[in-house]
Every structure is written in C-alpha cells, then in structure tokens.
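The values are calculated or read from the model by the stated rules, or taken from the named source; none is laboratory data. Predicted, not measured: the structure shown is a model, and the values here were computed from it. Backbone-built Cβ (ideal geometry, glycine too); neighbour counts: all protein chains shown.
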DNA sequence: CTGTTAGCGCCTTCAT
DNA sequence: ATGAAGGCGCTAACAG
C-alpha cells in the first residue's frame, strides 16, 4: 500500500518541481546552481532523510570507493597495527575497507582476491600468504585494472608496487648487540628458504657476523616452516649441538615463543642459558617474565600507511588516465628500515 | 581506440545475434531457455571471460550480498575466532563480509554503522563497544530494514536479536575449583558496573560463594574501567588489604595480564601467593611461565557461527516478506553456556 | 543557472 | 523458447 521506502532525488525533484539533475547538482554542491535552490534542495533532503543510494553511484561511476586488504591473519599484532593505519588513511579519503584473511593458504588467498575483484574494489593491499608460489592473480588484477600494493610479504618480482622493509639494518643492530654483550655463539632460526624475506634475513645475518669478525658456524643456521612443531624442532636442533649457541636471532616473535617453550622444556632458562632477539616486537612481551632481549621493529603501522598512500596514488592515476592499460607506472618500491627497539632485558 | 573493457551481456547478445534477455536467462539457468542456446551462451561467456558486473546486480536487486561485522577490536583473540567462523558461514552463502573495529569508541562505532548502512549491507553483526550507552542506531537500522544481531557485548534491551553467553555456569565452576583447592579468600575484579556483562558476572560470583558457603567480603569486589591503569589499580586495592585474597577471578584475560604484572611488581608470585581465573581463554597462556589456574571459555567461534546463522535467517525472512516493516520477529536470543577449561596449572 | 535526454548493466514483465 | 521494452537511481553531456 504505502511505497514508503527510501526517498530518491526524483522524489525531491517532484516535490520541488525542478529537475532531477538540478537536485543532483545541488546535493553535490555544483557551483553552477543558485544558492537558494541549493538550500531548498538540501533542506528538503534533510527533512526527508534522504540518503544517496550508493549502489547506484557505484554502478554509475564504475567505482566502489572500496579497497580490499588481504592478510595472512587479522589477529597477529603486526597486521592489526597495519590495518588500523590503512583504515585511517582510507577513511580520510572516504573509502571503505574490506578485509580478508588468507590464513596463509594460497587457495584461500586467490578466492578472496577473486571475490574482491567481483565486488569491484578500486584497489588491493596484499601481504601474501607465506607459501604462495604462483602469482597469476597479479596478471588477473592488472587486466581488471585493479591496482595492487604489496607489503610485508612481497613476491620477488620486478614489476610490482610494494612497501618493503629493509630487514638488514635491524639484523645488524641485533648482532652488534649480542656481540657487545659478549656472545660469540650466535645462531639463527630462519623461515622457509623460498621466501625473499628469509633470503634477506640470512644475507644480513652472515654479513653482520662478518662485520663483527665472528666466524659463521653452518650448524648455527636452521630453518622452520613456521609451524609450532617446526619452530620447536629448529631450536632443539640448536640446543642439541655439542656446542650450543648462547644467543639466537629468530625469524619472528611467534617462532621465538615456541622456541622459548622448547627451551624451558629442556630445563634451560631464557635470558640466562640462552638469549633471543626476533623480528616484530610482539606487544605481549611486556607481560612475559622472560621476554626476548630485544626486538627488531618493522613498523607495521608505517608500512600500512605507506601502502595505503601508494595505493591511492595508483587509484587516482587510474582515474586520470581513465583508459585502457592504466597501470603504466609499475614497479615502485618504498623501502623502510627496520631497527632494534625495546631492550626488554 | 579499443573499447576493450569488460564484456557485458549485451556484447554476448550481439555476437550471438540473440537478445540480452536470453543471454541473461541462459546465464542464470532459467528453465525456459533451450539447452543449445544456453550452451552457446555459456561457451562464449567463458571465452570472453565474461563476469557479471556485480555493482549492476547490487543496484538492480537492491541487495549487496554483503554483511557487516563490527567489533571492538580485530586483534583480540576472542574476536578473531568469532570472525573466522562468521566468514566461513557467510562465504558458504556467497556473501562477503566487511569488517570494522570500533576500538570501544561509541562515536567510531556509530560512524562505522552509518558507513555500512550507506554501503547497503544486507545485515550487521555487532559486538557493541564497551561504553556505548546510546543505541539510537538500532532504530536507524530498523528503519533502513537492515537486520542486526548482537553477540558478546549485548545491550540490555528486550527487542533485540542476540547470541548471549551465560556467564554464570563458568563462574560457578571457577569458584568451585578455587574452593576445592582450599581457597576461602576469593576476590573478584569486575568490569564497568554499567555493563550487563558485569552485572551478570557479579551476581554469579555472589551466588557461587553462597552455594559454597564462603562468606562474601565486600572489600573483595573491585572494579576496573578495563584500562591498563584501571586493571593495575584494581589488583593493588586487593593486594593492599590487611587480609589479601589468595584467589582472584577477573573480568577477562586482559585484566588478568595487567594484574599479574602488578602482582609481580609487588614482589609476589603468581600461582603461589595468588591465583587467577578469568574469562576468555587467551591463547597466549601456553607461552607463559605462570598462566592463570584456569580459564572460563566463552566459545567465540561458536558464538560467531550462531550469530551468522541467526542473521541469515533474518535476511532470508526479509526477502520473503520483502515488504515494509520487515523485522517483525524481533527479540530472539540464543544462550550459550560458558565453562571452565584449561586447567593450566 | 536550469532542464532534457540518455545511459551505465542487468533483470523482468509482457508479448509473441 | 525468445524478444522488445522499461526501469532501478544517479550523473553528465548537451541545450537552452
């Protein structure tokens, strides 16, 4: 009976006996509309509780004012810090953020990307799943004209846009600190060898030892697949050496947590028999009785903000050219230095 | 020059020299379209890499196949568990989830709700910010025909849909456990008095003491605003009593973490001088050298799944009636029992 | 300054 | 079994 529903510009136009285009323009503060008309329109819109139908606008403008952010996990402190900043930046541009978590599963990751593409997001920020090896989606998104910015876990490809963290500076500081505390037997629990992040860490580790004139013991470099068991196995390998290390740098804080548990289970004491430093600066450390000696901070918030900024640059450029092959300027990378912080002990 | 772009049904129709309606129907497996035609259409669609323009569909169908989930924080373990299950459920229905974090700020919460409303989400799942006192948005969303399901932090109103956790069962078990371990001086750090969740916990605390014939000491009930300082102050109040408690139930795990730090700073030892049990079962406990004695599990995953299920019921009903005043059946509530788990010590 | 017209891509009566 | 036509709400040439 009553077709109540949401009021439209048509409704406003009818009541005011003017055309819909005038209403539309008035609502958007178009300069060429008379002040009085504009006021009348806005007043009525207010009274009617008018709200533009964004689905119509999205449709018409071929833009959704929405960006997608895909991360391995929403709950890791590193990522939630990044999310917050991305959201802030996006909101300040009146964009909405859609989040997805890949759970480090490449299939899931691809599915999320396709969903977001289906929803016509205007751009994507992605920290790739740890074991994604195929990056066809880059091509897919390129064809669809959806710009993408990587951060944190970045594929080793030339033509991509990314915020990357220089892992070396922090590693250098970590080793320097260990050495200055008298450690000579310094080990390294690295992540999966195929990851660029692992390669870079390992190079940095080797270089830092050299520059400190500490001989590199091959047995002191072990690997984990980042699973709980992998992490425990890695530290056990080190502990079981005839000469075990007194200091360990590990891939990240989650590795360190598992490693510490394993250390304790062997009757050893953290920060006494063995010391840790790892990447990430997990906020929970302040609640631990024996936290790592220090953390290598990677500034997730900053990375997120920069990623967002870069993405919006690309989106705006897209609009300007607003044509085929939009993403001409590919391959920009911004490097952020990691650094040692929180001397917890 | 080349209007490459995405193919549309029009394009397909032109190439096949049939009408767009036929293409549309074929693509949607409409029964009245001949098998051959259907095949031809689908084949060409495939070749052209056709993908329906969802923004057009959203617009046309007045549905976005998107639900909004708003939580105080995405990084709290409790919420990420809930998110995962909500996502799973939604994805199985081909819905997309958009997430928002209120950071316990009522203003921010309201803004997010309005944004989501603007994006025309089909429904919302909400764990309200701790200190939201005004719930006008319920009315706003009702008018907009957007169903809403609460969980975890649920306003104390009759006409809302919600998944609620029965906090009493877990509290009873917690007190029973303390008593059976010989504790008689049992204290309680409660959250803000205005929260339904606080009221329920306190009732449960009192009842459980009574049923265990332990006298209630008024000094043993203190409050925190859930800030780090508030948490520390609360436990210090207890510690500084002439007769201090030997066991403490606290509002949640985050309170306990701060309390434990404060305890240590006073030279006392957790799980020796003082024992804790709290709500939530934070996954980090297994990495702590002195975790709480046990946790009261609230099954966030289950709550999330139930909330999603309830929301989709409401959405489907909305479609069926597909009329004004859609949410006739308001006020269903599902209660989930909390229970004691993880005897960590 | 304002109105007219057209169309975004898709679905859906209503015909045939 | 298929086509023609209209419209969702909004914006944007193109006219005046």
Practice prompt. May I ask you to verify whether residue B:291 is touching a residue at least 40 places away in the same chain (Cβ under 8 Å) and within 12 Å of another protein chain (Cβ to nearest Cβ)?
Written response: yes
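Here is a list: A:233, A:225, A:219. Which entry is farther than 19 Å from residue A:178 by Cα and either touching a strand residue (DSSP E or B) at 6+ places or on another chain (Cβ under 9 Å) or within 14 Å of chain B (Cβ to nearest Cβ) (or both)? Give the steps one after another, and end with the answer.
On the way: A:225 fails: either touching a strand residue (DSSP E or B) at 6+ places or on another chain (Cβ under 9 Å) or within 14 Å of chain B (Cβ to nearest Cβ) (or both); A:219 fails: farther than 19 Å from residue A:178 by Cα.
The conditions single out A:233.
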Worksheet item: Can you name every residue in region B:142-170 that is out of contact with any helix residue (DSSP H, G or I) (no Cβ under 6 Å at 6 or more places or on another chain), surrounded by fewer than 22 Cβ atoms within 10 Å (Cβ to Cβ) and in a helix (DSSP H, G or I)?
Response: B:142, B:143, B:169
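So which residues in region A:240-262 are over 31 Å from the mean Cα position of the chain (by Cα) and either within 14 Å of chain B (Cβ to nearest Cβ) or farther than 25 Å from residue A:340 by Cα (or both), if there are any at all?
Our first condition is that a residue be over 31 Å from the mean Cα position of the chain (by Cα); within region A:240-262, this holds for A:240-246.
Scanning region A:240-262 gives A:240, A:241, A:242, A:243.
Out of the helices (runs of 4 or more DSSP H) lying entirely within region A:3-99, which hold 3 or more residues that are within 12 Å of chain B (Cβ to nearest Cβ) and within 10 Å of DNA strand D (Cβ to nearest atom)? First the steps, then the outcome.
On the way: elements: A:9-16, A:20-27, A:35-47, A:54-61, A:77-92.
Per the criteria, A:54-61.
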Practice prompt. Return only the number of the condition from (1) without any contact (Cβ under 8 Å) to a residue 24 or more places away in the chain; (2) buried (at least 19 other Cβ atoms within 10 Å of the Cβ) that residue A:256 does not satisfy.
Written response: (1)
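Residue-wise test of (1) over 15 Å from residue B:304 (Cβ atoms); (2) at pLDDT 95 or above; (3) within 15 Å of DNA strand C (Cβ to nearest atom).
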residue: B:17; (1), (2), (3): yes, no, no
residue: B:30; (1), (2), (3): yes, no, yes
residue: B:34; (1), (2), (3): yes, no, yes
residue: B:62; (1), (2), (3): yes, no, yes
residue: B:69; (1), (2), (3): no, yes, no
residue: B:84; (1), (2), (3): no, no, no
residue: B:90; (1), (2), (3): no, no, no
residue: B:96; (1), (2), (3): yes, no, no
residue: B:102; (1), (2), (3): yes, no, no
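Pick out the one residue from B:178, B:205 that is on the phi < 0 side of the Ramachandran plot, in contact with a helix residue (DSSP H, G or I) (Cβ under 8 Å, 6 or more places away or on another chain), at pLDDT 95 or above and surrounded by 22 or more Cβ atoms within 10 Å (Cβ to Cβ). It would help to see each step written out before you state the result.
Details: B:178 fails: in contact with a helix residue (DSSP H, G or I) (Cβ under 8 Å, 6 or more places away or on another chain).
None of the other options fit; the residue is B:205.
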